[in-house]
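Notes for the one structure printed next.
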Amino acid sequence: MNSSSSTTTTDTLHSFMEASALLIDQYFLGWIFAFLFGFLLLLNFKRKREKNNSTEFGTDDSNGYYTPENIAGSTDVIIVGAGVAGSALAYTLAKDGRRVDVIERDLTEQDRIVGELLQPGGYLKLIELGLEDCVNEIDAQRVFGYALYMDGKNTRLSYPLEKFHSDVAGRSFHNGRFVQRMREKAASLPNVRMEQGTVTSLVEKKGIVKGVQYKTKDGQELSAFAPLTIVCDGCFSNLRRSLCNPKVEVPSCFVGLILENIDLPHINHGHVILADPSPILFYKISSTEIRCLVDVPGQKVPCISNGELANYLKTVVAPQVPKQLYNSFIAAVDKGNIRTMPNRSMPADPHPTPGALLLGDAFNMRHPLTGGGMTVALSDIVLIRDLLRPLRDLHDSSTLCKYLESFYTLRKPVASTINTLAGALYKVFCASPDKARQEMRNACFDYLSLGGICSQGPIALLSGLNPRPISLFLHFFAVAIYGVGRLLIPFPSPKRMWLGARLILGASGIIFPIIKSEGLRQMFFPATVPAYYRAPPIH
C-alpha cells in the first residue's frame with residue numbers, strides 16, 4: 001500500500017517536472033521570438049525613417065551639387081520674373097540640376113534708368129554664381145570708387161580692393177544689356193524653360209502655393225505647377241501682397257538724362273554732388289555715355305510736357321553740377337530724352353507661405369542712391385542656392401517653408417546693412433533748413449574726406465565688401481560725434497552745445513527708425529532667432 005502510493009507520488013512529481021520544463025521552454029522561446037520580432041520591427045522602422053529622410057535630404061554628387069532623381073512632375077521651381085534676380089536664380093538653380101520654368105512679362109531688352117551700377121560686393125557674388133562673364137561684351141565700365149562734391153569742394157573715395165583680384169571692381173552698364181546677357185546664359189541650360197507671359201495670380205490649395213496662373217503673349221490663359229514658386233517680378237510686383245506685408249515708401253523720384261561724348265572729372269569713379277535740395281549722380285554706363293540721375297524729393301516731379309521740368313533742370317540743377325559737365329548737361333536737357341522713375345523703399349516683412357518665396361525688389365527695396373539693390377539680390381541668391389542644395393525633394397511644402405524661414409534671418413546682416421546705409425545716407429545728404437541737419441551733412445563730407453579708416457570703413461560698407469551692421473552703426477555715430485566735436489572746439493558756448501545735442505538727436509532720429517524697420521534683433525543678433533538654426537551649416 002505504501003509502495004504503490006510512493007510510486008504514484010513519484011510519477012506525479014515527474015509529470016509535473018516535465019510539464020514545468022516544457023512551460024519554461026515555451027516561455028523562453030516566446031521571449032526569444034518577441035525579441036526577434038521587436039528587433040526586426042525596429043530595424044524596419046529605422047529603414048523607413050532613413051528612406052523618408054532621403055526624400056528630403058540627398059547626398060551631393062562629385063561636384064558637390066545635388067541632381068534630382070525620379071521626382072514626380074516636370075518642374076522643380078517656377079520663377080516669376082526674369083530681371084537680374086530671376087535670371088541669376090534660374091541659372092544658379094538649373095546649374096545645380098533643378099528643372100526651372102521662368103515666366104517673364106516682357107523678354108525684350110528693357111530701357112531703364114536704374115539698376116545700372118553693380119558694386120564690387122555684388123560683382124563678387126556674380127563670380128560666386130558663375131555669371132561674371134555677363135558684364136562682358138556690353139561695354140560695361142569699371143568703377144573704382146566715388147568722387148564727392150559739396151559747396152565747391154570735392155574728395156575722392158576709393159574702394160578698398162587691395163586684397164582682391166585685379167578684375168574685382170564695380171561695374172556700370174546699360175541695365176537692359178546686362179539683363180539680356182543673364183537671360184541668354186540661363187536659357188542656354190537645357191533644364192531652363194523661359195516663357196513670355198504675365199502671371200496674374202498664385203495657385204493655392206489649403207494655404208499652400210502650388211503654382212501660378214498666367215497669360216501668354218497671345219492672350220491664352222494657362223497654369224503652371226511646381227513644388228516651389230519664387231516670385232521676383234520687380235518693384236511693380238502684383239503678387240507681393242500674397243506673400244508679405246508691403247510698406248512701400250516713395251521718398252523721392254529720379255530724373256534720368258544721358259550725357260554724351262564727355263569724360264567725368266575723376267575717371268572710373270561715380271560722382272555724387274550734394275546739391276540743394278538733394279543729391280545728383282553721374283556715372284558712365286558705356287564708353288561714350290554718362291548717366292545723370294537728379295533726385296527730386298517727394299512723389300511728383302515738375303511736368304515734362306509743358307517744359308516745367310526742363311526749366312527746373314536748367315535753373316536749379318545745372319548751376320550745381322561740376323563746371324566740366326555743365327555744357328553737356330544743358331545739351332542733354334535740350335535733347336529732351338528725359339526719363340523719370342519713383343524711388344521706392346520697402347523693408348522685408350514676409351509672412352512665410354508654404355510653396356512660395358519672395359526675392360529681389362518684389363521683396364525688399366531701398367533708396368537707389370548707393371546702388372546696393374543688385375548686391376542684395378545676388379547675395380540672397382547665393383544664400384538660397386546654398387540652402388536648397390542639400391534638399392532632395394521640394395514637395396513637402398510645410399517642412400520646406402519652416403526650413404526656409406532661416407533664409408529671412410541669415411540674409412539680414414548683409415541686406416540690412418546695405419538698406420540702412422542707403423536710407424541714412426540719403427537723409428544726411430539732402431539739404432535741410434534745420435541747422436543741426438546742415439551740421440550733420442557737413443560733418444559727413446568732412447569725415448569722409450579725412451581718409452584712412454574714416455573713408456575706407458564707410459566705402460567698404462557702401463560697396464558691399466564689408467556689410468557688417470555694427471561697423472555701420474559705429475561709423476554713423478562717429479560722424480555725429482565728429483560733428484559735435486567741431487562745434488565745441490575751440491569754445492563750447494551754450495548755443496553750440498545745444499546745437500551739438502540736436503545733432504546727436506537728429507542722427508538718432510535718422511538711423512534708429514530704419515534699424516527698427518529692418519529688425520534690431522535680426523540685424524545685430526541673428527543667432528538669437530530660432531530660425532537661424534533650422535538650416536544646416538553652410539560651408
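Computed from the Cβ-Cβ distance with R0 of 25 Å, the FRET efficiency linking Arg468 to Tyr533 stands at 0.75.
Expressed in Å, the radius of gyration and Dmax of the Cα atoms of region 142-274 are 21.7, 62. How big is the gap, in Å, between the Cα center of region 281-344 and the Cα center of region 411-446? So the two Cα centres are separated by 23 Å.
Computed with a 1.4 Å probe over protein heavy atoms only, the accessible surface of region 457-523 comes to 51 Å² per residue. Each Cα pair of region 184-237 feeds into the Kirkwood radius, which the Stokes-Einstein equation turns, at 4 °C and 1.567 mPa s, into a diffusion coefficient of 103 µm²/s. Ranked by the mean number of other Cβ atoms within 10 Å of their residues, highest first, the peptides 233-239, 246-252 fall in the order 233-239, 246-252.
Seen from Thr229, the other residues with C-beta closer than 12 Å to its C-beta sum to a net charge of -3, counting Lys and Arg as +1 and Asp and Glu as -1. Among Lys402, Lys323, the sequence by solvent-accessible area, most first, with a 1.4 Å probe is Lys323, Lys402. Accessible surface area normalised per residue over region 250-344 is 42 Å², counting heavy atoms of protein chains with a 1.4 Å rolling probe. Summarise the long-distance tail of P(r) for region 65-169 by giving the % of C-alpha pairs beyond 21 Å. I get 54 percent for the Cα pairs in region 65-169 exceeding 21 Å.
Ordering His174, His351 by accessible surface, largest first, gives His351, His174; the 1.4 Å probe counts only protein heavy atoms, with every chain in place. Residue separation of Asn442 and Ile504 scaled by 0.36 nm, minus their Cα-Cα distance, works out to 20.9 nm of gained length.
Surface composition of region 250-344: carbon and sulfur atoms hold 49% of the protein heavy-atom accessible area at a 1.4 Å probe. What residues of region 228-244 lie in the reach of a label at Val203, counting those whose backbone N is under 17 Å from a point 7 Å from the Cα along Cα→Cβ? Residues 228-231 fall inside that zone.
Here region 250-344 was treated as a single set of alpha-carbon atoms; its pair distances binned every 10 Å from 0 give 16, 54, 27, 2 percent. Each label was represented as a point 7 Å from its Cα along the Cα-to-Cβ direction; for Gln299 and Lys163 these points are 4.4 nm apart. Treating each Cα of region 417-539 as one equal point scatterer and applying the Debye formula with no solvent, the log10 of I(q)/I(0) at q = 0.10 Å⁻¹ comes out as -0.36. The portion of the accessible surface of region 453-539 made up by carbon and sulfur, rounded to a whole percent, is 72 (1.4 Å probe; DNA, RNA and ligands excluded). Taking every Cα-Cα distance in the chain and sorting them into 20 Å bins from zero, the calculated P(r) comes out as 19, 46, 20, 6, 4, 3, 1, 0 percent. Taken per residue, the accessible surface of region 88-159 reaches 37 Å², heavy atoms only and a 1.4 Å probe.
Give, as a single signed number, the net charge of other residues whose beta carbon lies under 13 Å from the beta carbon of Pro458, with Lys and Arg counted +1 and Asp and Glu -1. Surrounding charge for Pro458 is 0. Taking the C-alpha atoms only, the angle from helix 412-429 to the longest principal axis of the chain is near 20 degrees. Helix 175-187 axis versus longest C-alpha principal axis of the chain: approximately 20°, rounded to the nearest ten.
Sorting Lys412, Lys314, Lys217 by accessible area puts them as Lys217, Lys314, Lys412; the probe is 1.4 Å, largest comes first, and only protein heavy atoms count.
Kindly express, to the nearest 10 degrees and within the range 0 to 90, the angle between helix 453-462's C-alpha long axis and the longest C-alpha principal axis of the chain. So the helix axis and the longest Cα principal axis differ by about 60 degrees.
Backbone N atoms of region 434-468 closer than 20 Å to the 7 Å Cα→Cβ label point of Lys495 belong to residues 434-443. Antiparallel as a % of all DSSP beta bridges within the chain, to the nearest 5? Around 70 percent of the beta bridges assigned by DSSP in the chain are antiparallel ones.
The values are calculated or read from the model by the stated rules, or taken from the named source; none is laboratory data. Quick caveat: nothing in here was measured; it's all calculated off a predicted structure. Note: ideal-geometry Cβ built from the backbone for every residue, glycine included; neighbour counts use all protein chains shown. Just so you know, the surface numbers come from the protein's heavy atoms only, side chains and all, with ligands and any DNA or RNA stripped out. Shrake-Rupley method; radii C 1.70, N 1.55, O 1.52, S 1.80 Å.
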